[in-house]
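Step one of this worksheet: look at the structure below.
The values are calculated or read from the model by the stated rules, or taken from the named source; none is laboratory data. Source: prediction; values computed, not measured. We place every Cβ from the backbone using ideal geometry, glycine too, and count neighbours over all the protein chains shown. SASA here: full protein model, heavy atoms, side chains in, ligands and nucleic acids out. Shrake-Rupley method; radii C 1.70, N 1.55, O 1.52, S 1.80 Å.
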Amino acid sequence: MNFFEKINAKYIPSVDFVKFIMAIFVVAIHTLQPFIATLPIVWPKILNFLIGLAVPFFFVTSGFLLCEKLKVKDYSEKLLYMRKWLKRTLRLYIIWTIIYLPYAILGFYKDNIGLLKSVLVYIRNVVFVGENYLSWPLWYLLAMIVAGLIYYAILLIRPKRFLLVLVTLAILLWGIGIIIDSNEMQFELYFSLFRRIENGFFKGFPFMTIGFIISIIGRCRMWLSSSLLFLGIILQSFEVNIGGLIITYAFFSMVLSLRIHFENEEICKMFRLSSVVIYFVHMLWIGILIICFEISSLYLFIISLLLSLMTSYLVIRNKNEKVVKLLFK
C-alpha cells in the first residue's frame, strides 16, 4: 500500500490560503492571550492549540518550498541557490531589525539599565535571540538563517543519505532543546546568551526539516494524516514533546491535500504576499496602539489586524515597487 502521494503542482493554493490564516493567528498570539484566559476552561485549550500551529506551519512551509526549489537543481546550482536564499533572508532580518529599532530603544528606556548595557543587550538580542521590545516576530527570520546555514553545511558535505542525515540531526537538535529547556539551572550560560530554546537550532531546523521530508517523500494520504494528527494531540495532551512534531507534520500534510482552487496563480501570490506583510507589520501597529491608547486585548487584536490587512492591501496594490520588493520579497 502506498501511504504517500507526490506533489505535482506548480503552485499550491491550500498552502498559500492557510498561510494567510496562520498570519492572522500570529496576530492573535501577540494580542489575545489576556482575552483567551477569561474564557471557559475548554476554550483556552482549543484556541491556544489552534494559534499554536501558526509559527511551526510557517517554518514547515519555508522548508517545503526551499526543498522544492533545491530538488530541481544540480549540485552547483543548489549551493548557489542556498547562498542567494541566505542573503535574502539576512537582508530581510537586517532591514526589519532597523525598522523595529525605535521600539527597542523605547524598551531600553523603560528598563532604565543604562546606555552601555542597553547597547550590549541589544547586540546580544540581535545576534543570538532575534527579538527586542515589541519586535517578537523577527526571531523567525534569525531562526531561518541558522537553519539555512545548517542545510548549506550539509550540502557542502554531500552525504549519500541526505534525508537520513537531515532527520537524524533534526531529532537530535529537538531532543537537545528539550533537555536544555527542562534543566534551566544547569544551562544558565546558555540562557544568558540565547534566553530560550526558540531559535534556529532547536525549533527552526527541526520544523523546516519536516517540510523537507514532505517535499521529498510526498504528503501522507488524508486518512494517515488524520490518524497522525489524532496521535499527536493525544501525546501532547500527556505532555509528550514529540507530539508537537507529529501534529505539525500531519497538519501540513493535510493542508497539502485540501482541494482549494483559485482562478489563477496571482490569487495565490496575493495570499502569500499578504501573509508576509501581516506577519512583519502587525507588531508595528500593536506597538502604536498600546503606546498611544489603553485598549483591551480583544480590541487590540481586531484593530491591529484591520490595520495590518489595510497595509497588505496597499502593498499588494504596489507589489512591483522597489520598496515593496526590498521589504517583503
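Can you work out which of the residues in the range 58-68 that are touching a Ser or Thr at 6+ places or on another chain (Cβ under 7 Å) and crowded, with 20+ Cβ neighbours inside 10 Å is farthest from T311 (Cα to Cα)? Don't jump to the end; show me each part of the working.
Just the residues of the range 58-68 that are touching a Ser or Thr at 6+ places or on another chain (Cβ under 7 Å), to begin with: 60, 63-64, 67-68.
When the remaining residues are screened for being crowded, with 20+ Cβ neighbours inside 10 Å, the result is 60, 63-64, 67.
Details: V60: 25, G63: 27, F64: 27, C67: 30 Å.
Checked the range 58-68; the qualifying residue farthest from T311 (Cα to Cα) is C67.
Filter the range 47-61 down to the residues that are part of a helix (DSSP H, G or I) and either over 8 Å from the mean Cα position of the chain (by Cα) or hydrophobic (A, V, I, L, M, F, W, C) (or both) and list them by number. Give the steps one after another, and end with the answer.
Our first condition is that a residue be part of a helix (DSSP H, G or I); within the range 47-61, this holds for 47-51, 54-61.
Hits for the range 47-61 are L47, N48, F49, L50, I51, A54, V55, F57, F58, F59, V60, T61.
Would the range 109-122 turn up any residue that is open to solvent by less than 70 Å² (accessible area, probe 1.4 Å) and touching a Ser or Thr at 6+ places or on another chain (Cβ under 8 Å)?
No, the range 109-122 has no match at all.
Restricting the search to the range 94-104, which residues are farther than 22 Å from I288 by Cβ and open to solvent by less than 80 Å² (accessible area, probe 1.4 Å)? Show your work before the answer.
So the first thing to find is which residues in the range 94-104 are farther than 22 Å from I288 by Cβ, and the list is 94.
Within the range 94-104, no residue meets the criteria.
Could you please give the count of residues in the range 28-46 that are among the hydrophobic types (A, V, I, L, M, F, W, C), outside any helix (DSSP H, G or I) and surrounded by 15 or more Cβ atoms within 10 Å (Cβ to Cβ)? First the steps, then the outcome.
Step one: list which residues in the range 28-46 are among the hydrophobic types (A, V, I, L, M, F, W, C), which gives 28-29, 32, 35-37, 39, 41-43, 46.
If we keep only those that are outside any helix (DSSP H, G or I) too, we end up with 32, 37, 39, 41.
So of that shortlist, the ones also surrounded by 15 or more Cβ atoms within 10 Å (Cβ to Cβ) come out as 32.
Count: 1.
What helices (runs of 4 or more DSSP H) completely inside the range 139-257 contain at least 3 residues that are within 26 Å of Y122 (Cβ to Cβ) and either more than 22 Å from the chain's Cα centre (by Cα) or of a type outside the set (A, V, I, L, M, F, W, C) (or both)? It would help to see each step written out before you state the result.
Details: elements: 139-157, 162-182, 188-194, 205-217, 222-237, 242-257.
The helices (runs of 4 or more DSSP H) meeting that bar are 188-194.
Taking the residues in the range 258-302 that are of a type in the set (G, A, S) and in a helix (DSSP H, G or I) as candidates, determine which candidate is farthest from P34 (Cα to Cα).
From the range 258-302, those of a type in the set (G, A, S) are 274-275, 287, 296-297; that's our starting set.
Going one step further and asking which of them are in a helix (DSSP H, G or I), we end up with 274-275, 287, 297.
Details: S274: 26, S275: 24, G287: 16, S297: 6 Å.
Applying the filter and picking the extreme gives S274.
Would it be correct to say that S215 is out of contact with any Lys or Arg (no Cβ under 8 Å at 6 or more places or on another chain), under 30 Å from R259 (Cα atoms) and of a type in the set (S, T, Y)?
no
I'd like to verify a number: residues in the range 231-285 that are of a type in the set (F, W, Y) and open to solvent by less than 50 Å² (accessible area, probe 1.4 Å), how many? Before the answer, list the steps.
Restricting attention to the range 231-285, the residues satisfying the condition of being of a type in the set (F, W, Y) are 238, 249, 251-252, 262, 271, 279-280, 285.
Checking the rest, the ones that are also open to solvent by less than 50 Å² (accessible area, probe 1.4 Å) come to 249, 251-252, 271, 279-280.
Within the range 231-285, residues that are of a type in the set (F, W, Y) and open to solvent by less than 50 Å² (accessible area, probe 1.4 Å) number 6.
Answer yes if at least one residue in the range 181-190 is of a type outside the set (S, T, N, Q), crowded, with 21+ Cβ neighbours inside 10 Å and closer than 21 Å to A54 by Cβ, and no otherwise.
Step one: of the range 181-190, the residues of a type outside the set (S, T, N, Q) are 181, 184-185, 187-190.
Those left that are additionally crowded, with 21+ Cβ neighbours inside 10 Å: none.
No, the conditions are met nowhere in the range 181-190.
Would you mind stating whether K10 is closer than 17 Å to R272 by Cβ, open to solvent by 20 Å² or more (accessible area, probe 1.4 Å), assigned to a helix (DSSP H, G or I) and at pLDDT below 95? Give the steps one after another, and end with the answer.
Numbers: closer than 17 Å to R272 by Cβ: yes; open to solvent by 20 Å² or more (accessible area, probe 1.4 Å): yes; assigned to a helix (DSSP H, G or I): no; at pLDDT below 95: yes.
It is false that K10 is closer than 17 Å to R272 by Cβ, open to solvent by 20 Å² or more (accessible area, probe 1.4 Å), assigned to a helix (DSSP H, G or I) and at pLDDT below 95.
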